[in-house]
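Chemist: Have a look at the structure that comes next, please.
The values are calculated or read from the model by the stated rules, or taken from the named source; none is laboratory data. As the structure is a computational prediction, the values presented were derived from the model and not from experiment. As a convention, Cβ positions derive from the backbone with ideal geometry for all residues, glycine included, and neighbour counts pool all protein chains shown. The protein model used for the area step is the full one, side chains on, heavy atoms only, and it has no ligands, DNA or RNA in it. Shrake-Rupley method; radii C 1.70, N 1.55, O 1.52, S 1.80 Å.
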Protein chains: 2
Amino acid sequence: MSDVVSLNHGSGGSQMRNLIENIFAGKFGMSKPLTDSALLENEGYTMAFSTDSYVVDPLFFPGGNIGKLALCGTVNDLAVSGAIPLWISASFIIEEGFPLEDLERIADTMASEAIKAGVKIVTGDTKVVSKGKCDKLFITTAGVGIVKSGFEHISKGSMIKPGDKLIINGSLGNHAIAVLGARNNLGFSSKIESDCASLNHIIQNFFGECSEIHFMRDLTRGGLAAVLNEVAEMTSLGISVQEESIPVDEPVKGLCEMLGFNPLSLANEGKFLLISSGDESFKILDILRSHPLGKNAAIIGEITDEHEGYVVLKTATGGKRILEMPSGIDLPRIC
Amino acid sequence: MSDVVSLNHGSGGSQMRNLIENIFAGKFGMSKPLTDSALLENEGYTMAFSTDSYVVDPLFFPGGNIGKLALCGTVNDLAVSGAIPLWISASFIIEEGFPLEDLERIADTMASEAIKAGVKIVTGDTKVVSKGKCDKLFITTAGVGIVKSGFEHISKGSMIKPGDKLIINGSLGNHAIAVLGARNNLGFSSKIESDCASLNHIIQNFFGECSEIHFMRDLTRGGLAAVLNEVAEMTSLGISVQEESIPVDEPVKGLCEMLGFNPLSLANEGKFLLISSGDESFKILDILRSHPLGKNAAIIGEITDEHEGYVVLKTATGGKRILEMPSGIDLPRIC
C-alpha cells in the first residue's frame, strides 16, 4: 500500500523524509536543506521558528511526561539552531474523559520546565474530541528564538569540512528505552530514565567562547544514525565514526542486545551532535563536560573526504560497516 | 463528572474559558486579558505569536477543508491583533492508512491559501499514529507577525469606551452550518459554504487610514455571542446590540430555526468584530464594504455605560433580552 500514510512515514527515517520533502516542503516552497527550525531575517537580525507535535505513548514515563517532551523538544530545536529560545506556544488536543488531574500534572511539568529553560509559554489552544477520536492527549508546541550572531550557519552545516570532529554530549538511547519500558508490554521493566532535558543553557555556554562550531542537531527520532546520514547527504562528504567511542549506558546496551535495537538509531530527547573544527573540539569537549547535561560528552568521529555520502562505522576490532539511514518502524510514538 | 475533560471544555464557551484560565494560563503565568495572539516586545517593535489546533470533522466541507482552516485561522488570529502575518508553522498528526491523495489535496490548499494571504509556511512536523488512535488528521498551525505601530492595544481592547460602535464584516453562521451539512448525519443537505478566508488584507486596509479602532477579534468557536460577552467582562461596560442589524443569510437563518441553533453563537472562519469610535465607524464601514470579504459589513450595536458586564439584544419589536456566553456543546469539532 504505497498510496496511504503508514507508520513508517512517522518514524524519522527515509520514508518520513520522502513524505516531508515531496509533499510538504515541495508544495510549501520551503528552502533546503530542511532544518528543525526555520531561520527568518527580520529587522537586521535572525529569528528561529520551530514546531513539533507530541504523541508519545504512554503519556508518563520514567524521567518525564508528554508535557516535558513538548517543552524541551521545541526549546532544543531552537537551541541547536544557535538560537536563544524565548517564547513557546502550546496547543492541546484532548480526548473526552481525560482526567483533569493528569492534565494539571502535565501543565505543571511544562510550567516548571519553562522556568528552568528560561522561556515563556505565551499562547495556546485547546481542542476536545469525542472518546475514541484521539489517544488521550496530543500536544503541539511551537517556539520562537533569536539566533546568536555568528551562529546563523549552524543548522545548515554550510561550513562543515573534512577533518571536522563529531561530538555528542552523552549516552544514547535512554529516552527510547525508558518509553518502551513504560509501555509494560515488552516483557521487561527497567530503571532507565529518559534523558529529556532542555539543551539551551549548555549550548549557550559556547556563545562568546567558540567560533568554529560548524553544525548542531538534536538526536531525536532516528537517533544519531539519521542525523549522521543527513549530514553526509547534505554535505556530500564522508563520515567516519569510532563505534567504541560512542557512549551508551550499560543497561541500555544490554536491553538493546536483548531486544535487537541499535542504540545509534534510537531516539534521545536531551542529546545533540555538534561538528566543529579539530582545533576547537577539545575546548568544546571541556565546555560540555563542565555542564551536568554533558558530563559523558565524547568525540566520536570525523568528517572525511573519503566514502562521500556514506557514514562508516569503525568497530573496536578494526572492522568497518556502513551505518545506514534508519528505515521502517523502529519505535512508533516515541515522542 | 467534573474531574475529567468533557466536550464542553472545547466548545469555546464558559467551560473552556475556565479550563484555560484555571489550568493553562494560571500555571504558565500568561498575562490577562487572554487574547488570540501573544504580543511580544522585541528590539523596539511588537511581534504577535499565535497557535491553533484543527480537528474539524469532516476534513472536507463546502468552501474549504482542514488545511484551509488551519492556514486562515492562524492568519486571522494574527491579523485581528493588528499584526501583519509573516510566517506559519504546520504540524500534522496523521492516522495510519490516511490516503496520500487527500494529504496532497490538503497541502495544496494550504499552499495556495498561503500565497493568497501573503504568508510563508516555513517549518513543520509530521507524526503518524496507529489506526484508531486519531481521527484521520489533525493539523496545528502557529504563526508569527509584526504588529502595526499604533495597533498594539487592539487585541486587549484597552481603549474601548461607551459610545463606541460594534461592526462586523458580514453574515454569521455559514461555517458552522457548512460543516454540519457535510457531516451528512443531520438530515439536511445545503449549498451553504463555509466563509473560511484570510482576513489580513481587509484588515490591512485600515492601516494608515484609521486611528480610532479600539478592538478586533475573529468570531470563531462560540461566535459573536462569546466575543461580545468577553468584551463586556473584560471592560466592565455594557453592550447593546440591535438584533435585526446582524446579517445572517436566509438559508442559514432557516436552518438555524429548524435545528434550534442561535446563529449568534455559531462559529465563523472569516468574520470579525471591530469596535471603533462612533466618529470613525462609517469610514470603517466604507473600507470594509469596498472589499469582497466585507460587502455585507454592518454596524450592529454599541458600547454603553448601562447594564455593565452584560450584552443586551434589542429585538425588532422593541423587546430586550440578555445574550449569554454560550455554554455546553453547541457543535464539537467545528474547527
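Chemist: Amide H neighbours of B:H214 under 5 Å, at least 5 residues apart or on other chains, H built in the peptide plane: list them.
Modeler: B:I275, B:S276, B:S277
Chemist: Another question about this same structure. Suppose every K and R has +1 on its Cβ and every D and E has -1 on its Cβ; what is the size of the dipole of the protein assembly as shown about the Cα centre, in Debye to the nearest 20?
Modeler: Numbers: 56 positive and 82 negative charges, 109 e Å.
Dipole magnitude for the protein assembly as shown comes out near 520 debye.
Chemist: What are the ³J(HN,Hα) couplings of the stretch A:108-119, residue after residue, when phi is run through the Karplus curve with 6.51, -1.76, 1.60 and θ = phi - 60°? Round to Hz, x for glycine and proline.
Modeler: Result, rounded to whole Hz: 4, 4, 4, 4, 6, 5, 5, 5, 4, 7, x, 10.
Chemist: Another one. How shielded is B:94-103 by partner chains, expressed as the average number of their Cβ atoms within 10 Å of its Cβ atoms? Let's see the in-between values first.
Modeler: Values: counts 9, 3, 8, 5, 4, 3, 10, 2, 2, 6.
For peptide B:94-103, the averaged partner shielding equals 5.
Chemist: Just how many % of Cα pairs in the stretch B:7-147 lie over 17 Å apart, if you round to the nearest whole percent? Mind dumping the intermediate values first?
Modeler: Working: 6357 of 9870 pairs.
Counting pairs separated by more than 17 Å, the tail of P(r) holds 64 percent.
Chemist: Next question, about the same structure. Mind listing the label-point distances from B:P162 to the same position on all other copies, shortest first, one decimal in nm, points 7 Å along Cα→Cβ?
Modeler: Its label point is 8.2 nm from the equivalent points in the other copies.
Chemist: Can I ask one more? Rolling a 1.4 angstrom probe over the protein heavy atoms, how many square angstrom per residue are accessible across chain A? Let's see the in-between values first.
Modeler: Working: 12110 Å² over 335 residues.
Normalised by residue count, the accessible surface of chain A is 36 Å².
Chemist: Any chance you could check the stretch A:1-40 for residues losing 50 Å² or more of accessible area when the partner protein chains are in, compared with the chain on its own (1.4 Å probe)?
Modeler: The answer is A:V5, A:L7, A:I23, A:F24, A:K27, A:F28, A:M30, A:L40 - residues whose exposure falls by at least 50 Å² when every protein chain is included.
Chemist: Which of the aspartates and glutamates could be linked to B:K253 by a straight reach, that is with a Cα gap under 18 Å, when you skip same-chain ones fewer than 8 residues away?
Modeler: B:K253 reaches B:E193, B:D195, B:E243, B:E244, B:E269, B:D330.
Chemist: Suppose every K and R has +1 on its Cβ and every D and E has -1 on its Cβ; what is the size of the dipole of the stretch B:49-161 about the Cα centre, in Debye to the nearest 20?
Modeler: Working: 11 positive and 13 negative charges, 91 e Å.
So the dipole magnitude of the stretch B:49-161 works out to roughly 440 debye.
Chemist: Same structure again: What whole number of Å gives the distance from the Cα centroid of the stretch A:246-309 to the Cα centroid of the stretch A:121-168?
Modeler: Here the two parts' Cα centres lie 20 Å apart.
Chemist: Let me know the mean shielding of A:113-120 by other chains, meaning the per-residue number of their Cβ atoms within 10 Å of its Cβ.
Modeler: Working: counts 0, 3, 1, 0, 0, 0, 0, 6.
Per residue, the average neighbour count from other chains is 1.
Chemist: Given labels modelled 7 Å from the Cα in the Cβ direction, how far is it in nm from B:N22 to B:K116?
Modeler: 4.0 nm
Chemist: Considering only DSSP beta bridges where both residues belong to the stretch A:7-147, give the percentage that are antiparallel (nearest 5).
Modeler: Details: 26 of 35 bridges.
Around 75 percent antiparallel, to the nearest 5.
Chemist: What does the charge dipole of chain B about its Cα centre add up to, to the nearest 20 debye, if the Cβ of each Lys and Arg holds +1 and the Cβ of each Asp and Glu holds -1?
Modeler: On the way: 28 positive and 41 negative charges, 68 e Å.
The calculated dipole for chain B is roughly 320 debye.
Chemist: Out of all Cα-Cα pairs in chain A, roughly what percent, to the nearest whole number, are more than 29 Å apart? Show your work: numbers first, answer last.
Modeler: Working: 19837 of 55945 pairs.
Counting pairs separated by more than 29 Å, the tail of P(r) holds 35 percent.
Chemist: Please identify the longest segment of chain A free of exposed trypsin sites (Lys or Arg not before Pro), where exposed means a DSSP state other than H, G, I, E or B and no more than 13 other Cβ atoms within 10 Å. Show your work: numbers first, answer last.
Modeler: Numbers: sites that count: A:K131, A:R183, A:K191, A:K295.
That gives A:1-130 as the longest site-free run.
Chemist: Further question: Which FRET efficiency value, to the nearest 0.05, do you get for A:A316 and B:F60 by plugging their Cβ-Cβ distance into 1/(1 + (r/R0)^6) with R0 = 51 Å?
Modeler: Working: r = 56 Å, r/R0 = 1.10.
The computed FRET efficiency comes out at 0.35.
Chemist: Now for a different question. Hey, what does the equivalent ellipsoid look like for the protein assembly as shown, semi-axes from the Cα gyration tensor as sqrt of 5 times each eigenvalue, largest first, whole Å? Don't jump to the answer; show the numbers that get you there.
Modeler: Details: eigenvalues 443, 129, 94 Å².
They are 47, 25, 22 Å, listed largest first.
Chemist: Taking θ = phi - 60°, what integer Hz values does the Karplus form 6.51 cos²θ - 1.76 cosθ + 1.60 yield along the stretch B:302-309, in sequence order, with x for Gly and Pro?
Modeler: With coefficients 6.51, -1.76 and 1.60, one gets 8, 7, 10, 9, 9, 5, 4, x Hz.
Chemist: Taking all protein chains in place and a 1.4 Å probe, what share, in percent, of the accessible surface of the protein assembly as shown do carbon and sulfur account for? All intermediate terms of the calculation are to be shown ahead of the outcome.
Modeler: Details: 11590 of 24200 Å².
Answer for the protein assembly as shown is 48 percent, counting heavy atoms of protein chains only.
Chemist: So, one more: Tell me: how much accessible area in total is hidden between A and B, 1.4 Å probe, Å², nearest 100?
Modeler: 6300 Å²
Chemist: Continuing with this model, one more query. Quick one: what are the phi-derived ³J(HN,Hα) couplings along the stretch B:255-263, Karplus 6.51/-1.76/1.60 with θ = phi - 60°, whole Hz, x for glycine and proline?
Modeler: These are the phi-based 3J(HN,Hα) values: 5, 4, 4, 5, 9, x, 9, 9, x Hz.
Chemist: Further question: Taking R0 as 56 Å, what FRET efficiency do you get between A:E244 and B:V4 from their Cβ-Cβ distance, rounded to the nearest 0.05? Before the final figure, lay out each step's value.
Modeler: On the way: r = 51 Å, r/R0 = 0.91.
Calculated value: 0.65.
Chemist: Excluding residues fewer than 8 places away in the same chain, name every one of the lysines whose C-alpha is closer than 28 Å to that of B:K161.
Modeler: B:K161 reaches B:K32, B:K148, B:K271, B:K283, B:K295, B:K314, B:K320.
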